[in-house]
1. How would you rank 159-170, 19-30, highest first, on the average number of other Cβ atoms within 10 Å across their residues?
2. How long is the gain from ASP65 to ILE92 if the chain were fully straight, where each residue apart is worth 0.36 nm and the alpha carbon distance is subtracted?
3. Using mean Cβ contacts within 10 Å as the protection proxy, how do 45-55, 139-149 order, highest first?
4. May I ask you to order 257-265, 57-65 by the average number of other C-beta atoms within 10 Å around their residues, highest value first?
5. Can you flag which of LYS160/LYS268; LYS147/LYS253; LYS141/LYS328; LYS213/LYS268 are past 21 Å Cα-Cα?
6. State to the nearest 20 debye the size of the charge dipole of region 120-216 about its Cα centre, where the only charges are +1 on K and R beta carbons and -1 on D and E beta carbons.
7. Points 7 angstrom from Cα along the Cβ direction at GLN266 and GLU194: gap in nanometres?
8. Given 0.36 nm per residue, what is the gain on full extension from GLN315 to TRP24 after removing their alpha carbon distance, in nm?
Amino acid sequence: MNPRFSKLIFTLLIVLSVSLAGVWLRAHAAQNALLQSITTARADLDAAAQWTTAEQNRSAALAGDLAEKQNALTQGPGALEAMRRASALVVINQLKLAHEKHPAAPRQKQPPMPQNGNASELLSDPEYNQLYAQQEHRMTKLIQGPKLLKLGLSAEACEKAISILAEQAMALADYRQLAGSAGIKGDFAKQQAEETDRQLQTLMGDETLQRWKSMNETNTIFIPNATGSGGRGYAVESHEALVAQANSFLVPKLGIRLSYSDAPLQTKQADQLAELLANNSTKPGDRIYQIMFTDTFITKAEQVLSPVQVDALRQFQSEQQAIAKRNKLPKSSELPRSAQAPK
């Protein structure tokens, strides 16, 4: 045999042997992986079977307990009430434990009551006096704050002016409390007004003070009696006074409510709304706070307000109508004593 041919045959045999060995190794690895997967699947099946058995046992126990309770309910009257009471006691005990860990805050002191029916005498109580002063400051800020801002004063100057005006109101209230009468003598009121004007003049200057006073003037126009009988005439506020009244009290209320919405009241809209209010309050006997909640005015307000703002105005109207209806209801003291409460 040719030596070269023998070497070729030997080389082919070696290559064939190596290939067969590689195929065998891959087959053996695949077999091991398959066996491992089978083992894992069996373990999962065993765990699922155990969980199913446990759930079946638990369901059987719950069914037995339910059947026992249903049997007890059918045999013993009031058993359901007893179960409810037991459940309630568990919750009550939990609340008691929570209360012991977090005791409630002490109750505040009860507000004083006037002895002679006069609320001003309550100012002798220090706590009530402080609360009254805070309320007076808030009301002064609500009424006079927008006017002071229109004067071009800084925020700090506005706060000082509001404090001065609130102090004047508290001085008059203290005078009524000490005098024991609702009336205030002219000299005392005049002195307080002069002192307030002096402090405001120092704060804002004479020219700005005069502008502020003109904004607060309540001008009235007297109209003769329409019957021609020579009796007392009617008095209506001037257009400027009505605009000032709307800007100081009614429009800010709507502005505060809309400040929490997506359509806050703009300055231009507030001015237009005040003009509309003044233009619709020209008849004798009309009140600007009543006109604001009429359908006629709300229809006109749609010209300057957005739909969201008109809805807020209608909410005010509904609230005022509800208050009016509630005020017409009889008080408990006005009800007949013989009336029996419905059973």
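Values quoted throughout were computed directly from the atomic coordinates according to the rules given, and no laboratory measurement underlies them. On a predicted model such as this, the values are computed, not experimentally measured, just so you know. Counting neighbours? That spans all protein chains shown, and the Cβs are built from the backbone with ideal geometry, glycine included.
1. Packing proxy ranking, top to bottom: 159-170, 19-30.
2. 7.2 nm
3. Result, highest mean first: 139-149, 45-55.
4. Per-residue mean Cβ counts within 10 Å order the peptides as 257-265, 57-65.
5. As for pairs spanning more than 21 Å Cα to Cα, those are LYS160/LYS268; LYS141/LYS328; LYS213/LYS268.
6. 420 debye
7. My value for the distance between the label points is 4.8 nm.
8. Length gained, GLN315 through TRP24: 96.0 nm.
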